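Working notes, structure below.
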Amino acid sequence: MTLHIRPAQASDAADLLAIYAPYVRETTVTFEFDVPSVKEFAARIEQAQKRYAYLVLEKTDGDESKRRAVGYAYYGAFKSRPAYQWSAETSIYLAEKERGHGAGSILLSALESCMAAQGITNSEACITGENDSSVEFHRRHGYEERARFIKCANKFDRWLDVVWMEKYIGPHGENPQPIQPLDTLELMRIVDVANERLNKR
């Protein structure tokens, strides 16, 4: 069995939604209550890729023509105002059997490389307070807790905290240039590096 990372396509929506849906229905990892439609999820992928990177993690059991999605990762705007453009928020979702084997670390590293290539300086992670494994995962990768909002959301009839964690991935120079679109060749270079790391695990 081998793993492979590539840029997502809108046509991946159904497969990625199958990974995401259990998080909506069964966990507080996401604060959505209802699973979005395939059409809506495809639109989310397309919207994210207008400015940022959206990656798919695939697995094959030997037949390269039968790859299946087992995870995905992307980042998006931290806030909509232009002064926030140098910060971006990351998200990573893995199928249950893929958790804890290092693929999430490689996906996060690839996202950070994509962000840095665009001139983004701050990587942000918004995590449910009770999601200790995600907090620890980000801490291991250099993220620091910046804020905790107490009982600010409610899902499954439980009041939930939210933790914001942050990592600097670029220098904070004077008069920063506006962030740039992610060059396709640079994206593929980053993906190739990520796949090399996957193959060396």
Q. Counting only protein heavy atoms and using a 1.4 Å probe, what share of the accessible area of the chain belongs to carbon plus sulfur, as a whole percent?
A. 50 percent
**Q.** Qualifying chymotrypsin sites (Phe, Trp or Tyr not before Pro) in the range 153-201, DSSP loop, other Cβ atoms within 10 Å at most 14
**A.** PHE156
Q: Give the cross-link partners of LYS50 among the lysines, using a straight C-alpha distance below 21 Å as the criterion and excluding same-chain residues fewer than 8 apart.
A: LYS39, LYS79
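Might you tell me the accessible area per residue for the chain, computed with a 1.4 Å probe and given in Å²?
Per-residue value: 56 Å².
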Q. Put a dot 7 Å past each Cα toward the Cβ at ARG139 and LYS66; how far apart are the dots in nm?
A. 4.2 nm
Q: Give me D for the chain in µm² s⁻¹, whole number, from Stokes-Einstein with Rh from the Kirkwood sum over alpha-carbon pairs, 25 °C and 0.890 mPa s.
A: 139 µm²/s
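The values are calculated or read from the model by the stated rules, or taken from the named source; none is laboratory data. This is a predicted model, so every value here is computed, not measured. Here Cβ is always computed from backbone atoms with ideal geometry, including for glycine, and neighbour counts include all displayed protein chains. When the accessible area is computed, the model is the full protein with side chains, heavy atoms only, and any ligands, DNA or RNA have been set aside. Shrake-Rupley method; radii C 1.70, N 1.55, O 1.52, S 1.80 Å.
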